[in-house]
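Read through the structure below, which is laid out as structure tokens, and then see the notes.
Read-outs: derived from the displayed coordinates by stated rules, not from any lab. Keep in mind it's a predicted model, so treat the numbers as computed, not measured. All Cβ positions, even for glycine, are placed from backbone atoms using ideal geometry, and neighbour counts span all protein chains on display.
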Amino acid sequence: MYYFRKGDVERLKTYSYKSIDKSFVANKILNPYWWSVIIDFVPSWVAPNLITLTGFLCVIVNVLLLFYLSPDLKEPCPWWAYISFAAGLFIYQSLDAIDGKQARRTGTSGPLGELFDHGCDALNTGFATFLGVHAMGLSQTWFQLAALYSCLANFYLSTWEEYYTGILYLSECSGPIEGVLSMCGVLITTAFYGPSVWKTTLGSVLPENLVELIKEYPFLVQLSISELLVAVGLLIVVANVIGSVFNVQQAIATNPASAAKAQKCHPVISLLPFPFLALITALYPYYFPNVIVTTRAIIPFVITVSFLMGQQVGSIIVAHISKRVYPLWEMVAPGVGICGAGILVSVGSAVWTAANSPSKVWWEEFELTEEIMWGIAAGAGIMYLVWFVLIVVDLCEVFDIYCLTIKHPKKAQETKSVEVTAKEEVSTPKVKRSSSKGKGSAKAKKVETDDGEAEFVPQRRTTRGRK
């Protein structure tokens, strides 16, 4: 094996996925009336990971369409493009939700599914910001970077929480559900009214009596709707961060397994890799704002940050499913290497220019160009893909499965049938079970997990990870 050690194999085979989803929209609307319907149209031979990948590609295709229609990210796209962006995000969300249902009906649930799901979600978190930010006319601004880092911070904290608690927790207002739907609403609104609608100020849309109340604060009167939405999004992220910290504290106080993890790596220490990587990557736009923030170079910059953050989150998931110690160094080293390489290339270019012009000195020629940023993005992407593929290959070997196809369809179906029968025989009293095609109650129930622990787990699979 390339990545896992012998001691990891047994721990991987005992891993079981647990989640809590409190989203009203997911449990009361989407799951019973949409996800449980469309799963019936998916053939039983389709692998769950293929469903996940298809949804992710729907977002990637639309991001590429955005780059084609608006190369500088400043020109508005045709109305139909924003409809396409919204459709792509909604399809991504839907497929990302039903891949867990498909895994259960085919008996192919496991650590590979959770890693693959999280890997696609991590990249999508960064890439999808291109669509929403452009629709609100905030491309190539500091607001775009604020949206990027806040979305990634929310994702990181959710994964960090899962590592310590052993449960993926999604609150009443989470990014995978309400966040994606809100972005779809923004895109559809832009399709009808154009990006300029988001530049409307509060002073021009609020009733006069409300304007009178806030006129003492001119910045509120001049605040645009787009800036207000970004601010609200940041507040929601802060609320989710506080919730994650609270859940981890509760788990450490009540769960011996969580307490053991905290003794090996304190939760506060394990939070540091994200702000560290955010800091060293933010130095680029801070020192080169005329290159990163106001030009096309922001495209490779966002791509670079997305890959680096994706590898951080992926490292947490790998440690979670294999019950390893929190991988601090593994999460910090790639960012240091990639960002350091970018600086070295810039210095080398400046030295070369100065060497060919005796009248110049290299520190005056030091600059970061769009070409260098694309090279950094390519390096980050290659590093992430190689790392991800090696882990996937190892997991396929451990569980004797394929990644994008079902290797043992008959075996999978037989295993699922045996598990269902066994659970029905020991259940007292018997409860109505969902059909093999994923239909069932959207209500969360207290069920017994694979390791024998009673957990409050919803019927619907969350949009990150797989039961």
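Whole-Hz Karplus values for region 14-19 come out as 9, 6, 9, 8, 9, 8 Hz, taken residue by residue from phi with 6.51 cos²θ - 1.76 cosθ + 1.60 and θ = phi - 60°; glycine and proline positions read x. The phi-based Karplus calculation (6.51 cos²θ - 1.76 cosθ + 1.60; θ = phi - 60°) puts the 3J(HN,Hα) values of region 269-275 at 5, 6, 7, 5, x, 5, x Hz, whole numbers, x for Gly and Pro. The H on the amide N of Leu168, modeled in the peptide plane, is under 5 Å from the matching H of Lys18, Ser19, Ile20, each at least 5 residues off or on a different chain. Summing Cβ point charges (Lys, Arg +1; Asp, Glu -1) relative to the Cα centre of region 186-287 gives a dipole of roughly 500 debye. Sequence-ordered 3J(HN,Hα) estimates for region 185-191 from the Karplus curve with 6.51, -1.76 and 1.60 and θ = phi - 60° stand at x, 4, 5, 5, 4, 5, 4 Hz, glycine and proline given as x. For region 225-329, list log₁₀ I(q)/I(0) at each q in 0.15, 0.16, 0.24, 0.25 Å⁻¹, using the Debye formula over Cα point scatterers of equal strength and ignoring solvent, two decimals each. For region 225-329 at q = 0.15, 0.16, 0.24, 0.25 Å⁻¹, log10 I(q)/I(0) is -0.84, -0.92, -1.33, -1.36. Once both labels are positioned 7 Å from their Cα atoms along Cα-to-Cβ, the gap between Tyr287 and Gln222 label points is 3.2 nm. Based on alpha-carbon atoms, the Kirkwood radius and the radius of gyration of region 145-265 give Rg/Rh equal to 1.14.
Could you sort out which of Lys18/Lys264; Lys22/Lys101; Lys18/Lys261; Lys6/Lys407 sit more than 20 Å apart by Cα distance in this structure?
Lys18/Lys264; Lys6/Lys407
With the charge dipole of region 65-138 set up from +1 on Lys and Arg Cβ and -1 on Asp and Glu Cβ about the Cα centre, the Cα lying farthest toward the positive end among the listed residues Ile83, Leu112, Gly100 is that of Gly100.
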